Amino acid sequence: WWPMMFWLTPALAVLGISATVLISSRVRTFMEAYQLSGSLVVLVLALVFGQISGVLFLGVGTVLVIGTLVWAVDAVLIYLSVSNFKRSSLVARL
């Protein structure tokens, strides 16, 4: 559980936040962003319930590999979010 708590969980948290920021910059209303971001929660819950029920067994090596991949996706999403962020377009929508 320790690698999952200290390596994979923060990576999934950053993934959720960066994906939500990217989604929010693309949609017109906050309700669209809220609904699309909710679909990310379903994916994380599938991993949690799979691990709890014993259907999905994640060893230490598997958790480290998945965590590394998620951190790489996080870096790409943060880069895309920063490069696509335009303050003037957000102010114009208000």
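No lab work stands behind these numbers, since they all come straight from the coordinates. A quick note: this is a predicted structure, and the numbers were derived from the prediction, not measured. Glycine gets a Cβ as well: all are built from the backbone with ideal geometry, and neighbour counts include every protein chain shown.
To the nearest 0.05, what FRET efficiency results for SER83 and LEU47 with a Förster distance of 25 Å applied to their C-beta separation? Efficiency, rounded to the nearest 0.05: 0.30.
Computed over the chain, the alpha-carbon pair-distance distribution with 10 angstrom bins reads 15, 40, 28, 14, 4, each value a whole percent.
Exposed loop positions in the chain were taken to be trypsin sites (Lys or Arg not before Pro) whose DSSP state is not H, G, I, E or B and which have at most 11 other beta-carbon atoms within 10 angstrom. Between these positions, the longest stretch is 29-85.
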